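**Student:** Sharing a structure below in structure tokens format, with a few things to ask.
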């Protein structure tokens, strides 16, 4: 296929060149109706290119097939059979994938380190999750993706499952042995869904971890806005094989998706595909070399330990690592990642990828260069010079994995939509959660609807919030209270 073409961008350019006059939404009419104060911040180009996908970018019947051709080019670029664009982020895409594999009360294997969007899918569909435990690093208090053996054991124990879902890479950059997990699923005749939201770049360089389609996955969801050049909410999901039908996956996306997709997002997805096909190898040659140099420079700073493959990969740990996610352990500084991240933003306007009780991380992409890395290094050096001001930090009581794994007492859907009451957090021990309690980032629920809260997890959340943890999806984000089910 001719990857110099960008159907969405070309149709948008034609729309402007033809001087079309819309008597349709959006109501700002090419920005003419937008408040000048808004245009001063956003720019005129945003409004000028915010047009309808049909009766705008394409005609009323979509006879030019603009979006379809762009999706076909994306599929060809990465070696998938089918690709679908989503303008509602991977949070919607992963739900569509789940609903294409399992329905109400049917079983789906799910890694317990799944993103909150997966849990939302369980709630919406009434799917019965069979949790697969992540691999726990007791020294570093960090979960890596579940092993292939864990999925194989779960498949043997639950032969009636409809499929499996794994999240890889994690926000920390750690990856599963996808080929082995896919093989295990296919031996049982069920599809594998991969939430690869952090892996949009993986197909475009051989030195990056193997991406889902190359590993044999059936459906892969990826957020182009995270590690690619897409706009926020720009997502794609890919399909191959015959275990999931294309029309079913498309129907599930249509069920959940918007009828007013953003052409701006489509255009960015289209342009990113062309950029990667034409220049991806050289861009990631440079990005990987920059990551290597950046890691070396951070290692020269006293008090920061940069995690590499030697820490994260091996037996009982992750299978692979994306080196563009630079995770730093700050234990030696005797403060928390929360405090350090807040200090860096306040004093240097540097926003880190994530922070937890003992780590901070910086995400590099093909867009970074020596200048942006110098800004990061300068900020980290100054942070170390002022770290005494950030002590003592409240300690976060992180339970061991046995205490972190809560009992799934009822289905997530039943707990979420059932009778609910709000109780003080201290009185929630032994009660069934009716809401997600999700430290963010990275967005992995510590407790989810239907799980019975124990003292260890309640203490972890309480000490975490006191230390600076953010739990934005709780009804009471301060966690003085929590929503629980009313048990008869």
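The values are calculated or read from the model by the stated rules, or taken from the named source; none is laboratory data. Quick caveat: nothing in here was measured; it's all calculated off a predicted structure. Here Cβ is always computed from backbone atoms with ideal geometry, including for glycine, and neighbour counts include all displayed protein chains.
**Student:** In segment 468-488, what residues are closer than 17 Å to residue 141 by Cβ and either in contact with a helix residue (DSSP H, G or I) (Cβ under 6 Å, 6 or more places away or on another chain) or loosely packed, with under 14 Cβ neighbours inside 10 Å (or both)? If you could, list the steps in order and put the result at the bottom.
**Tutor:** Here is the first cut: in segment 468-488, the residues closer than 17 Å to residue 141 by Cβ are 468-469.
Answer for segment 468-488, where residues must be closer than 17 Å to residue 141 by Cβ and either in contact with a helix residue (DSSP H, G or I) (Cβ under 6 Å, 6 or more places away or on another chain) or loosely packed, with under 14 Cβ neighbours inside 10 Å (or both): just 468.
**Student:** Continuing with this model, one more query. Could you grab me the full set of residues in segment 385-400 that are surrounded by 16 or more Cβ atoms within 10 Å (Cβ to Cβ) and either more than 30 Å from residue 317 (Cα to Cα) or touching a strand residue (DSSP E or B) at 6+ places or on another chain (Cβ under 9 Å) (or both)?
**Tutor:** 387, 390
**Student:** Give me a count of the residues in segment 138-154 that are touching a helix residue (DSSP H, G or I) at 6+ places or on another chain (Cβ under 8 Å), within 21 Å of residue 213 (Cα to Cα) and surrounded by fewer than 24 Cβ atoms within 10 Å (Cβ to Cβ).
**Tutor:** 2
**Student:** Continuing with the same structure: Can you tell me which residue within segment 98-133, out of those that are assigned to a loop (DSSP other than H, G, I, E, B), closer than 14 Å to residue 444 by Cα and touching a helix residue (DSSP H, G or I) at 6+ places or on another chain (Cβ under 8 Å), is modelled with the highest pLDDT?
**Tutor:** In the first step, residues of segment 98-133 are kept if they are assigned to a loop (DSSP other than H, G, I, E, B); the result is 100-106, 112-115, 126-127, 133.
Subset that is closer than 14 Å to residue 444 by Cα: 112-115, 133.
With touching a helix residue (DSSP H, G or I) at 6+ places or on another chain (Cβ under 8 Å) added as a condition, the list becomes 115, 133.
On the way: 115: 89, 133: 93.
By that ranking, first place goes to 133.
**Student:** Turning to a different aspect of this structure: Just one of 218, 207, 195, 177 is closer than 17 Å to residue 118 by Cβ and touching a helix residue (DSSP H, G or I) at 6+ places or on another chain (Cβ under 7 Å); which is it?
**Tutor:** Of 218, 207, 195, 177, the one residue that is closer than 17 Å to residue 118 by Cβ and touching a helix residue (DSSP H, G or I) at 6+ places or on another chain (Cβ under 7 Å) is 195.
**Student:** Now a separate question. Step by step: first the residues of segment 227-254, then only those that are in a helix (DSSP H, G or I) and in contact with a helix residue (DSSP H, G or I) (Cβ under 8 Å, 6 or more places away or on another chain), then the one that is nearest to residue 182 (Cα to Cα). Which residue is that?
**Tutor:** In this case the residue turns out to be 249.
**Student:** Do we find a residue being without any contact (Cβ under 8 Å) to a residue 40 or more places away in the chain and assigned to a strand (DSSP E or B) anywhere in segment 192-208?
**Tutor:** Yes, some residue in segment 192-208 is without any contact (Cβ under 8 Å) to a residue 40 or more places away in the chain and assigned to a strand (DSSP E or B).
**Student:** Whether any residue in segment 262-277 is crowded, with 16+ Cβ neighbours inside 10 Å, modelled with pLDDT of 95 or more and more than 28 Å from residue 56 (Cβ to Cβ) is what I want to check.
**Tutor:** So far as segment 262-277 goes, no, none of its residues is crowded, with 16+ Cβ neighbours inside 10 Å, modelled with pLDDT of 95 or more and more than 28 Å from residue 56 (Cβ to Cβ).
**Student:** What number of residues within segment 55-88 satisfy the criterion of being surrounded by fewer than 16 Cβ atoms within 10 Å (Cβ to Cβ) and not in a helix (DSSP H, G or I)?
**Tutor:** 9
**Student:** Can you say whether residue 182 is closer than 30 Å to residue 327 by Cα and either more than 19 Å from the chain's Cα centre (by Cα) or surrounded by fewer than 22 Cβ atoms within 10 Å (Cβ to Cβ) (or both), as far as the supplied structure shows?
**Tutor:** For residue 182, the condition - closer than 30 Å to residue 327 by Cα and either more than 19 Å from the chain's Cα centre (by Cα) or surrounded by fewer than 22 Cβ atoms within 10 Å (Cβ to Cβ) (or both) - is met.
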